[in-house]
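Heads up, the thing below is written out as structure tokens.
The values are calculated or read from the model by the stated rules, or taken from the named source; none is laboratory data. From a predicted model like this one, the values you see are computed outputs, not experimental measurements. Please note: Cβ atoms are built from the backbone with ideal geometry, for glycine as well, and neighbour counts cover all protein chains shown. What goes into the accessible areas is simple: the full protein's heavy atoms, side chains included, and nothing from ligands, DNA or RNA. Shrake-Rupley method; radii C 1.70, N 1.55, O 1.52, S 1.80 Å.
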Amino acid sequence: MADTLLEIKGLHAGVADKEILKGLDLTVRKGEVHVILGPNGSGKSTLMNVIMGHPKYTVSGGSIAFEGGDITALPTFERARKGLFLSFQTPEEIPGITVENMLRTARQAITGKRERIFAFRKELKATMEELQMDPSYAERYLNVGFSGGEKKRNEILQLLMLKPKLALLDETDSGLDVDAVQIVSNGVRTFHNEDNACLIITHNTRILDKLKVDKVHVLLGGRIVEEGGPELVGVINREGFTHLQQKA
């Protein structure tokens, strides 16, 4: 279908000789918000990394298509250029590269167009203020000396500045207080529109409060064992995953 962004069929993947994903199917269309739920060790972060092409993981079966083209064997940077974005569960610190330089260089690599520095800085400052980030952080090395909450806001800053087609958010809300969750949630809502999509992993479903969730998937033992609408989030919050273990 023309509006399909991501289509995963029969995906088997893992690390070295350990298979973690065991035949997974998933379709995400433009305008949709999908949520992946599951206990620790179920394969959620592996799925995000495999979609993004992390070299640590090996695909042993199945395929990943983005906008109708097979990206199963593409390197990470080519997937990013096509419009995929991964917000890390634990963002890395990168000394020597400022937030501004990273973002400007990344956007030029994606668009193929040279960024006008003054216009870019104006947009960056406005976006940082929207996320209640001190604009001076643009001149600091990426995530170096940032608190956990500042690192997560910086991930959303990247999301808003790079404007990907598909946002993969791996527990972007973890470790945040109530106010920070609201700021991050507002940032994701600002990003999302009818032409892009979000695939979200979360243990703290407060980030979903301001988003219209279209589909919820429960991942257990490397397989999607249950799917439904936003009501499934409430079921899992009340009952946990135990009642689904027999499906794994």
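A few comments on the model shown:
- Members of region 91-131 found to be among the polar types (S, T, N, Q), in contact (Cβ under 8 Å) with a residue 24 or more places away in the chain and surrounded by fewer than 18 Cβ atoms within 10 Å (Cβ to Cβ), listed by number: THR98
- Which listed residue, of GLY53, GLY10, GLY23, GLY68, is farther than 26 Å from ASN204 by Cβ, among the small types (Gly, Ala, Ser) and touching a helix residue (DSSP H, G or I) at 6+ places or on another chain (Cβ under 8 Å): GLY53
Yes/no matrix, rows are residues, columns are (1) small (Gly, Ala, Ser); (2) closer than 18 Å to LYS30 by Cα; (3) at pLDDT 85 or above; (4) buried (at least 16 other Cβ atoms within 10 Å of the Cβ):
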| residue | (1), (2), (3), (4) |
| --- | --- |
| LEU199 | no, yes, yes, yes |
| THR202 | no, no, yes, yes |
| ASP209 | no, no, no, no |
| GLU226 | no, no, yes, yes |
| GLY229 | yes, yes, yes, no |
| GLY234 | yes, no, yes, no |
| ASN237 | no, no, yes, no |
| LEU244 | no, no, no, yes |
| LYS247 | no, no, no, no |
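- Of all the listed residues (LEU169, LEU157), the sole one being part of a helix (DSSP H, G or I) and closer than 22 Å to ARG79 by Cα is LEU157.
- Region 157-173, subset open to solvent by less than 10 Å² (accessible area, probe 1.4 Å) and over 10 Å from the mean Cα position of the chain (by Cα), residue nearest to LEU131 (Cα to Cα): LEU157
- Taken residue by residue, region 34-49 has no member that is more than 30 Å from LEU176 (Cα to Cα), surrounded by 14 or more Cβ atoms within 10 Å (Cβ to Cβ), touching a Gly at 6+ places or on another chain (Cβ under 6 Å) and not charged (D, E, K, R).
- Checking each residue in region 55-71 for being part of a loop (DSSP other than H, G, I, E, B) and buried (at least 16 other Cβ atoms within 10 Å of the Cβ) picks out TYR57, GLU67, ILE71.
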